[in-house]
Ligand SMILES: NC(=O)c1ccc[n+]([C@@H]2O[C@H](COP(=O)([O-])OP(=O)(O)OC[C@H]3O[C@@H](n4cnc5c(N)ncnc54)[C@H](O)[C@@H]3O)[C@@H](O)[C@H]2O)c1
């Protein structure tokens, strides 16, 4: 539903690869709510993905940039300001990638070159975007910057690997830069911690379907979808959330506050019964 929540606002959106991407949904909804947007993604992703189609539908343009390269980000910010005829109001960082996850390398056997790449792509890129934007004075006062995170930044979740460390760093950057940018320009910086979601990046995580089932059973409101995440991003870009900054805000149906739910316990108990049937040594554990 269009409420013109972003009427008159202009924003830069990183990470729309295909129509499953969270950034894709944010771009569609931002356009629907009256914003003007610029889309960007890494050159390799633009060759593989459908970002041009999205640009056409949102009356937007695509400016390629590898978010780990300062010169690409500088060019991106300059071109975005040219397109908008000056400063803009919001940025979405929706970027994540771990070569260790991609190659199935476990956390106790990490390749450190890959680990550095994970941190660079998934977390330092956020700092780089903020630093270049501030140096170029690209954002209007009371602007809003968001990055997407996951609860593995706080709690250990099997299979999330070095992405957990990247998300911890990402959330810390939001706090540290949030102080500087807030103090000077009233710009707010937050991370949204989203439920597991079936996207290209999400599907790289070991056992995503089982993880989604588990977190859905654990969450009183169920998993949050990509569409619902996009709605939340729109609220955070709007003037209705002007005093929220330096926060990691959970958008996960309640998962992060749970310890055990009835629905998850039901499945767990059934498996114990099955184990007892096969192996009596598990019996005492019940
Ligand atoms: N899918 C999930 O379960 C889930 C849950 C919580 C948080 N998130 C986070 O949401 C964000 C978006 O991911 P998604 O799930 O929509 O998947 P996605 O695969 O659609 O998006 C990831 C994007 O990162 C981009 N990217 C990778 N390397 C880049 C680089 N060097 N420069 C610029 N862009 C680069 C990709 O091209 C892609 O567009 C990520 O930060 C992800 O960690 C995802």
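For this structure, a couple of remarks:
- Between 0 and 90°, nearest 10: helix 70-84 axis offset from the chain longest Cα axis: 60 degrees
- Share, in percent, of DSSP beta bridges within the chain that are antiparallel, nearest 5: 0 percent
- Fewest-first ranking of 51, 245, 200, using other Cβ atoms within 10 Å as the exposure measure: 200, 245, 51
- Note on residue 206/residue 185: beta-carbon distance plugged into 1/(1 + (r/R0)^6) with R0 of 51 Å gives a FRET efficiency of 0.80.
- Taken as Cα centroids, the range 139-156 and the range 1-64 sit 18 Å apart, rounded to the nearest whole angstrom.
- Overall form of the range 10-259 per C-alpha gyration tensor (a/c, 1.5; a/b vs b/c): rounded
- Here residue 239 and residue 19 are evaluated by their C-beta separation; at R0 = 25 Å the FRET efficiency comes out at 0.30.
- Ellipticity estimate at 222 nm from DSSP helix runs (n ≥ 4, -39,500 (n - 2.57)) divided over the chain, nearest 500: -13500 deg cm²/dmol
- Between 0 and 90°, nearest 10: helix 262-278 axis offset from the chain longest Cα axis: 40 degrees
- Exposure proxy ranking, count of Cβ atoms within 10 Å, fewest first, for 188, 183: 183, 188
- Here the spin labels are modelled as points 7 Å beyond Cα on the Cα-Cβ line, and at residue 127 and residue 87 they lie 2.5 nm apart.
- Nearest-0.05 FRET efficiency for residue 266 and residue 158, computed from C-beta distance (R0 25 Å): 0.80
- The chain: most fluctuating residue of 208, 116, 272 per GNM, C-alpha cutoff 10 Å: 272
Every number here is computed from the coordinates shown, using simple stated rules; none is lab data. What you see is a predicted model, and the numbers here were worked out from it, not measured in a lab. For neighbour counting, all protein chains shown are included, and Cβ atoms are generated from backbone atoms with ideal geometry for every residue, glycine included.
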